[in-house]
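> Please see the structure below; I have some questions.
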Amino acid sequence: MEFGQLSLSRRNFLGLSAATAGALALSACGSSGPGQAKSGEASYWFLSGQPQEDIRQGAVDAFNKKNPDGTIKATTFQNDAYKTKIKTALGAGQGPTIIWGWGGGGLKSWVDANQVEDLTSWFGSNADVKNRLFPSSFGPAIIDGKIYAMPAETVQPIVLYYNKRVFDKVGAKPPQSWGDIMALVPKFNAAGVAPFSLAGQSRWTNMMWLEFAFDRVGGPEVFQAVFDGEPNAWSNPASIQGLTMVQDLVKAGGFVKGFASIVADQNADQALLYTDKAAMMLHGSWTYASMKTDGGDFVTGGHLGWMNFPPVEGGKGDPSDTVGNPGQYLSINASASTEQKDIAKKFFSEGVLQDAEVKQWIDTGGVPIVNGADKELASSDDAEFLGFVYDTASKAKVFAQSWDQALSPTAAETLLDNIAKLFQLSITPQQFADSMNAVIGK
Amino acid sequence: MTVIVPPAPAVQTTRPASSAGGHGPVGWMVLPALVVFVAFGAVPLLGVLGLSFTTWDGLGVIHPSGLTSWRAVLTDPGLPHAMWVTFKIMALSWLFQTPMSILIGVFLAGHQRYREFLAILYFIPLLLSAAAIAITYKALLDPNFGLGAGLGIPLLQQDWLGDSTLALGVVVFVVSWQFIPFHSLIYQGAVRQIPRSMYEAAALDGAGRVRQFFSITLPQLKYTIITSSTLMVVGSLTFFDLIFVLTEGGPGDATRSLALEMYKTGFQANLMGPASAIAVILVVVGLIVALLLRRLGGRGDESQLEGA
């Protein structure tokens, strides 16, 4: 009897676990959810988390105040949950009118499913809206030559940070080339300081190293070939060289001991840098703000240094190239009502990146993707850093989008998986290329 | 492991026919449980089976694609690896949890006041959510800012979640830490049900405490061991939340069990077809394991009190 119960209870149990896989179907028949707004009201979903959340909400509130007839109802979601939620909601026809996103491969999957509105002609007739924004930010918004999203918020290049205190103590100079980097590794290790901080468990953090190694060695064409779906694009000699370089750095002890146990979400990697336990860190420009908040006088006392990733000897890549997030992206749900779409478009032209919002982004250490924002930057407390980010973004010959955002979710997952194994040294560069070639174009 | 749907009424669906009459009129009482089971157990299961023969990214149109998904899953070296990881977690956590739970359970079965107090303390891990436990352990095990670094104990300053072997060990340990209290509770109850007369008789025959434990307590716990083992095995098969938060299957794929493989394929790589195929495999493996454990228990009609 007892066992009969158990075996049935486990069947129930498995049913439940299977239901997890079928959760899409279940949530599809769920409640109408926050996506459904009443007519005359558009809905807008975006990410929670301060200080960005308040700025986004502030833009919506300001818009609603000016347009009481056609307002926007905002709902916030936590980052990882949002990625799943938005996909489920769109698939079920329950998505919001305005969809916040990252552009690139994720946007393409929405476009392929006819879920988002083509904004090409709208931008054509509203050229002033388009011309206000960084041209380089439009890259990830364009799928098959058509614009499906409006770039918004800030530009976030990946920056090589360094700790001036540690450099002074060891008597070292910031690296000017890959050779310098490799030469600095034993120097810092001998002084008992980790050369580079890295939150390896998060995987995309490791990816930033490959993005720069590929670009500096072979130029942006190497990854572009992958993006364009050329067969065997990962077997390019430049790609193999980049992969080998990074593995050499791991073998030489370039990254902090136990880096594979560190997660970026908890900012432990940044803490290593500002507590003098690591000398350098390759990370997004957004970490500046959190290091300023958490690091005591590390940032305000002028101990934080920054630079673009140095060139590789004999490499073809332009040292002005950068990678990162060229912006954040707002799309319009194709299944929204005409009335809702009109509100959304009005929001795009009159509500997004208005002066007050631009100023708020600058105050949080971000560079808004608005042409001429550099004049505003000069008066900020963080003028030096913001000026650097503005220059990096606006003068970059190529501003590549992060690989995991640019690729389809399917290829991105395989990529992150293989990157983790590459940094574990459990696969060779050749094996990496082989497994990645298998998912090209998927 | 903690989710146990009350299944008792459903069992009886097979009973009325086989057992002697008189049960018939109460057959309708089964209905509510049956409806819930069909709606939330059987129907999604069939849906997943159906999905496994399609290609779907979770967003667009579902395309029937025959055996494509199955071929992709069965030829993927990730599947045997995930099964092996699942098996290792299952076996190791069973090996660790069972002796610990029995010992603690037997200890707590005593009626002394201090033991009652300890029982409450032991029970605490079960009150915490798996995600909270995972995040806490992650912080404690951080190689630079964790317990080892904080207390300056080099032994604790390992690359706990970054080394393949250590990471698996950590997963098994944390899973066990969370669930030993639950199983101890089961054993505590079972030990208290053993007739006192047996111990009195054994004591008269001159058996010491250790002898009593091995000759009376352990044999008497046979069915409890099977019950608790089934729960452990079933639990580790579908174990997801703690591993997901703790290691996300990493480093590399060192702790990627079947359940994680299913989630990652379906919800991160957007391959719903292959993910459904993995889910079906999970169901089949689960049923086989449950069946084997049932067999192990024997027919259940022999007396446990023989010679008592």
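> Those residues that are in contact (Cβ under 8 Å) with a residue 12 or more places away in the chain and closer than 30 Å to B:Ser164 by Cα, I need them from region B:43-73; list them, please.
B:Ser69, B:Trp70, B:Ala72, B:Val73, listed by residue number.
> Exactly one of (1) more than 9 Å from every other protein chain (Cβ to nearest Cβ); (2) touching a Leu at 6+ places or on another chain (Cβ under 6 Å) is unmet by B:Gly249. Its number?
Among (1) more than 9 Å from every other protein chain (Cβ to nearest Cβ); (2) touching a Leu at 6+ places or on another chain (Cβ under 6 Å), B:Gly249 violates only (1).
> Still on this structure: Can you name the helices (runs of 4 or more DSSP H) wholly within region B:146-229 that have at least 3 residues being under 30 Å from A:Ile262 (Cα atoms) and at pLDDT 90 or above?
Fully inside region B:146-229 and qualifying: B:164-193.
> Evaluate the following for B:Gly273: is it at pLDDT below 85, within 23 Å of B:Val43 (Cα to Cα) and outside any loop (DSSP other than H, G, I, E, B)?
Considered against the rule, which asks whether it is at pLDDT below 85, within 23 Å of B:Val43 (Cα to Cα) and outside any loop (DSSP other than H, G, I, E, B), B:Gly273 comes out as no.
> Report yes if A:Leu133 is hydrophobic (A, V, I, L, M, F, W, C) and within 14 Å of chain B (Cβ to nearest Cβ), otherwise no.
no
> A further question follows. Just wondering, is there one or more residues in region A:203-212 that are surrounded by 19 or more Cβ atoms within 10 Å (Cβ to Cβ), among the polar types (S, T, N, Q) and within 24 Å of B:Thr165 (Cα to Cα)?
yes
> Going through region A:327-348 one residue at a time, which ones are outside any loop (DSSP other than H, G, I, E, B), of a type outside the set (D, E, K, R) and exposed (fewer than 15 other Cβ atoms within 10 Å of the Cβ)?
A:Thr338
> So which of A:Ile99, A:Ile143 is free of Cβ contacts under 8 Å to residues at least 60 places away in the same chain and in the same structural domain as A:Ser48 (by TED's automatic domain parsing)?
A:Ile143
Here is a yes/no grid of residues against (1) at pLDDT below 85; (2) over 30 Å from B:Val174 (Cβ atoms):
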position	(1), (2)
B:Thr13	yes, yes
B:Gly22	yes, yes
B:Trp28	yes, yes
B:Gly41	no, no
B:Pro44	no, no
B:Gly50	no, yes
B:Thr54	no, yes
B:Asp76	no, no
B:Ser101	no, no
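> Here's a follow-up. Looking only at region B:252-271, how many residues end up being facing chain A (nearest Cβ under 7 Å), farther than 15 Å from A:Asn418 by Cα and not small (Gly, Ala, Ser)?
So the answer is 4.
> Let me ask something else about it. For region A:359-381, what are the residues that are out of contact with any helix residue (DSSP H, G or I) (no Cβ under 7 Å at 6 or more places or on another chain), of a type outside the set (Gly, Ala, Ser) and assigned to a loop (DSSP other than H, G, I, E, B)?
Hits for region A:359-381 are A:Asn371, A:Asp381.
> Let me ask another. Among the numbered criteria (1) touching an Asp or Glu at 6+ places or on another chain (Cβ under 6 Å); (2) under 29 Å from A:Gln52 (Cα atoms), which single criterion is violated by A:Gly295?
(1)
> Might you let me know whether region B:206-229 holds any residue that is within 30 Å of B:Thr165 (Cβ to Cβ), in contact (Cβ under 8 Å) with a residue 24 or more places away in the chain and surrounded by fewer than 22 Cβ atoms within 10 Å (Cβ to Cβ)?
Yes, the conditions are met somewhere in region B:206-229.
> Regarding B:Val170, is this residue crowded, with 23+ Cβ neighbours inside 10 Å, within 12 Å of chain A (Cβ to nearest Cβ) and out of contact with any Cys (no Cβ under 9 Å at 6 or more places or on another chain)?
no
> Have a look at A:Ala438, A:Ala420, A:Ala334, A:Ala393 and point out the one that is within 21 Å of the chain's Cα centre (by Cα), within 13 Å of chain B (Cβ to nearest Cβ) and small (Gly, Ala, Ser).
On inspection, the qualifying residue turns out to be A:Ala420.
> Can you tell me which residue among A:Gly314, A:Gly301, A:Gly351 is farther than 22 Å from A:Val389 by Cα, free of Cβ contacts under 8 Å to residues at least 24 places away in the same chain and among the small types (Gly, Ala, Ser)?
Result: A:Gly314 is the single residue among A:Gly314, A:Gly301, A:Gly351 that is farther than 22 Å from A:Val389 by Cα, free of Cβ contacts under 8 Å to residues at least 24 places away in the same chain and among the small types (Gly, Ala, Ser).
> Go through region B:240-259 residue by residue and tally those that are surrounded by 24 or more Cβ atoms within 10 Å (Cβ to Cβ), among the hydrophobic types (A, V, I, L, M, F, W, C) and under 20 Å from A:Ala264 (Cβ atoms).
Number of matching residues: 3.
> Got at least one residue in region B:122-136 being under 21 Å from A:Phe259 (Cα atoms) and facing another protein chain (nearest Cβ under 8 Å)?
No; the residues of region B:122-136 include none that is under 21 Å from A:Phe259 (Cα atoms) and facing another protein chain (nearest Cβ under 8 Å).
> Being in contact with a helix residue (DSSP H, G or I) (Cβ under 9 Å, 6 or more places away or on another chain), in contact (Cβ under 8 Å) with a residue 12 or more places away in the chain, closer than 18 Å to A:Val155 by Cα and of a type outside the set (Ser, Thr, Tyr) is the filter here; which residues of region A:108-136 pass it?
Once the filter is applied, which keeps residues that are in contact with a helix residue (DSSP H, G or I) (Cβ under 9 Å, 6 or more places away or on another chain), in contact (Cβ under 8 Å) with a residue 12 or more places away in the chain, closer than 18 Å to A:Val155 by Cα and of a type outside the set (Ser, Thr, Tyr), region A:108-136 yields A:Val129, A:Phe134.
> Also: Taking B:Gly152 as the residue in question, decide whether it is over 23 Å from the mean Cα position of the chain (by Cα) and away from every other protein chain (no Cβ under 12 Å).
yes
> Still on this structure, I have one more. Going by the structure shown, is A:Ala356 in a helix (DSSP H, G or I) and surrounded by fewer than 22 Cβ atoms within 10 Å (Cβ to Cβ)?
So A:Ala356 fits the description; yes.
> I would also like to ask the following. Looking at the structure I just gave you, is A:Ser426 surrounded by fewer than 19 Cβ atoms within 10 Å (Cβ to Cβ) and either of a type in the set (Ser, Thr, Tyr) or closer than 17 Å to A:Phe223 by Cα (or both)?
yes
> Moving on to the next point. Could you go through region B:88-111 and let me know if any residue there is touching a Gly at 6+ places or on another chain (Cβ under 7 Å), within 14 Å of chain A (Cβ to nearest Cβ) and farther than 20 Å from B:Phe213 by Cβ.
There is no residue in region B:88-111 that is touching a Gly at 6+ places or on another chain (Cβ under 7 Å), within 14 Å of chain A (Cβ to nearest Cβ) and farther than 20 Å from B:Phe213 by Cβ.
> Right, here's the next one. Having 3 or more residues that are of a type in the set (Val, Ile, Thr) is the bar; report the helices (runs of 4 or more DSSP H) wholly within region B:52-130 that clear it.
B:68-75, B:78-108
The values are calculated or read from the model by the stated rules, or taken from the named source; none is laboratory data. Predicted, not measured: the structure shown is a model, and the values here were computed from it. Every residue, glycine among them, receives a Cβ derived from its backbone with ideal geometry; neighbour counts consider all protein chains shown.
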